[in-house]
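The values are calculated or read from the model by the stated rules, or taken from the named source; none is laboratory data. Predicted model, so just to flag it, every value in this text is computed and none were measured. We place every Cβ from the backbone using ideal geometry, glycine too, and count neighbours over all the protein chains shown.
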Amino acid sequence: MSARSFTRVGIVGAGQLGRMMALAGIPLGLRCVFLDRGADSPGAAVAPILLGELEDARLLRDLASQSDVLTFDWENISAGALAPLAKRVVIRPPPAALEHSQDRLHEKTLFSRLKIPVTPHAAVDSRADLDRAVRKLGLPGVLKTRRLGYDGKGQVVLRDAAQLESAGALVGVGGLIYEKFQDFRLEVSIVGARAPDGRCALYPLSANTHSGGVLRYGIAPFHNAGLERRAAVYFKRVAAALDYVGVLAIEFFVVGGKLMANEMAPRVHNSGHWTIEGCATSQFENHMRAICGLPLGSTRALGHTAMVNFLGCMPDRDRLLAIDGLAYHDYGKEPRPGRKLGHCTILKPLAKQRDSALRNVLKLVHWR
Ligand code: AMP
């Protein structure tokens with residue numbers, strides 16, 4: 001073990017992301033402890049869990065005292081909850097990265113400052129702001145909560161003036177952003193890890209298909225050398241500006257052949273799940289390596305993959321397992337409409353084999 005590497009990892013949130021991180025840590029000799037509300041959280045199957053609220057000051061102190069480094073399955077922890085921990089434990093990714101990603105307006109401001117194109121947008125805190133934003137940016141547009149929105153939650157597409165009235169309820173909540181609707185050809189994401197010394201290991205691009213604001217499936221590597229180069233430049237700009245350590249994901253719309261950043265996630269990301277089977281080192285392992293100060297692993301793709309999410313209900317497992325080259329992931333969560341319950345990944349030597357297997361998988365997966 002090198003002098004500066006860590007072995008005890010505290011993970012705030014024990015969802016599927018935390019579970020896959022902890023699983024990746026086991027062969028590296030790392031020991032994880034979670035903090036989460038439910039004894040039945042996905043992570044509880046693989047590591048001990050402190051039970052309670054994610055921002056509970058006493059439990060966070062307890063988690064910090066059992067850890068060399070703290071990291072996150074859930075990135076919406078407040079700066080106030082993290083501040084007292086900073087002198088007790090190393091926090092990776094850095095709290096500033098969490099803060100930027102928690103607010104869509106701050107996130108877009110950061111992208112713009114770094115000369116990364118973003119959707120034209122305006123802050124909306126009142127009905128008058130909304131009218132002004134719509135006059136300036138036009139319809140259609142997307143009205144989103146600035147904070148705590150994910151998987152299409154807390155957002156509404158406005159297509160005509162009549163809808164402005166019904167959007168009033170959301171406006172009452174305050175802290176919104178109105179974005180011009182992007183007629184994108186494609187959504188892609190870049191996932192990568194940055195080590196404490198600034199070295200980066202970036203995965204190939206993934207092309208992602210969303211519906212209702214939720215990722216349904218993705219294919220990777222998405223071969224487009226121009227977009228990949230650009231995405232890597234943007235990734236490194238963001239990661240360096242935040243002095244980032246760990247895995248970071250940035251999602252982009254592809255508009256007119258150009259990348260437009262939509263949002264970033266200061267953590268491992270659903271669009272990177274394919275790396276478990278599809279790359280020499282998974283995003284989860286590279287996150288653990290980065291935050292523990294271990295050398296980053298190769299992000300080389302091992303073939304052509306597709307990743308399909310299980311949303312709302314689980315598919316017929318046995319029929320999926322009969323598909324050659326398919327890996328099945330059940331997060332062990334209670335089914336609820338729209339909830340991410342698991343995913344599967346297909347790995348094939350050729351893109352056309354992957355595409356044909358993907359068509360078969362999509363016949364067997366039903367989203368609710
Ligand atoms: P978000 O929560 O910002 O990641 O949005 C979830 C999904 O909604 C995105 O992946 C897009 O498919 C869609 N979406 C979000 N913002 C826009 C936009 N400005 N224009 C068109 N589609 C959008």
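Counting only residues that are surrounded by fewer than 19 Cβ atoms within 10 Å (Cβ to Cβ) and within 8 Å of the ligand (Cβ to nearest atom), segment 141-152 holds 5 of them.
In summary, strands (runs of 3 or more DSSP E) completely within segment 1-105 and bearing 3 or more residues that are β-branched (Val, Ile, Thr) occur at 8-12. All conditions but one from (1) more than 9 Å from the ligand (Cβ to nearest atom); (2) part of a strand (DSSP E or B); (3) touching a Phe, Trp or Tyr at 6+ places or on another chain (Cβ under 7 Å) apply to residue 133; the one that does not is (2). Residues in segment 245-275 that are part of a loop (DSSP other than H, G, I, E, B) and closer than 22 Å to residue 148 by Cβ: 266, 267, 268, 269.
Within segment 154-173, the only residue that satisfies the criterion of being assigned to a loop (DSSP other than H, G, I, E, B) and either among the aromatic types (Phe, Trp, Tyr) or near the ligand (Cβ under 9 Å from one of its atoms) (or both) is 154. Whenever a residue of segment 252-264 is at positive phi and free of Cβ contacts under 8 Å to residues at least 60 places away in the same chain, it has no partner that is of a type in the set (Lys, Arg) and near the ligand (Cβ under 10 Å from one of its atoms) lying with C-beta atoms less than 9 angstrom away and at least six residues away or across chains.
Could you tell me which residue of segment 113-130 is nearest to the ligand (Cβ to nearest atom), considering only residues that are in contact (Cβ under 8 Å) with a residue 24 or more places away in the chain and hydrophobic (A, V, I, L, M, F, W, C)? Checking each candidate, the answer is 118. Taking the criterion of being surrounded by fewer than 18 Cβ atoms within 10 Å (Cβ to Cβ) and more than 22 Å from the chain's Cα centre (by Cα), the residues of segment 51-65 that qualify are 51, 52, 56, 57, 58, 59, 61, 62, 65.
When 268, 214, 245 are screened for being β-branched (Val, Ile, Thr), in contact with a Pro (Cβ under 7 Å, 6 or more places away or on another chain) and in contact (Cβ under 8 Å) with a residue 24 or more places away in the chain, only 245 passes. Please tell me if residue 108 is more than 10 Å from the ligand (Cβ to nearest atom), buried (at least 16 other Cβ atoms within 10 Å of the Cβ) and charged (D, E, K, R). Yes: the conditions hold for residue 108.
Output the residues belonging to segment 174-205 that are more than 16 Å from the ligand (Cβ to nearest atom) and either of a type in the set (Asp, Glu) or part of a loop (DSSP other than H, G, I, E, B) (or both).
174, 195, 196, 197, 198, 199, 203, 204
Any idea which residue in segment 206-221 is nearest to the ligand (Cβ to nearest atom), counting only those that are of a type in the set (S, T, N, Q) and touching a helix residue (DSSP H, G or I) at 6+ places or on another chain (Cβ under 8 Å)? Step by step, filter segment 206-221, then rank; the result is 208. Every test in (1) aliphatic (A, V, I, L, M); (2) crowded, with 17+ Cβ neighbours inside 10 Å; (3) modelled with pLDDT of 95 or more is passed by residue 240 save one, and that test is (2).
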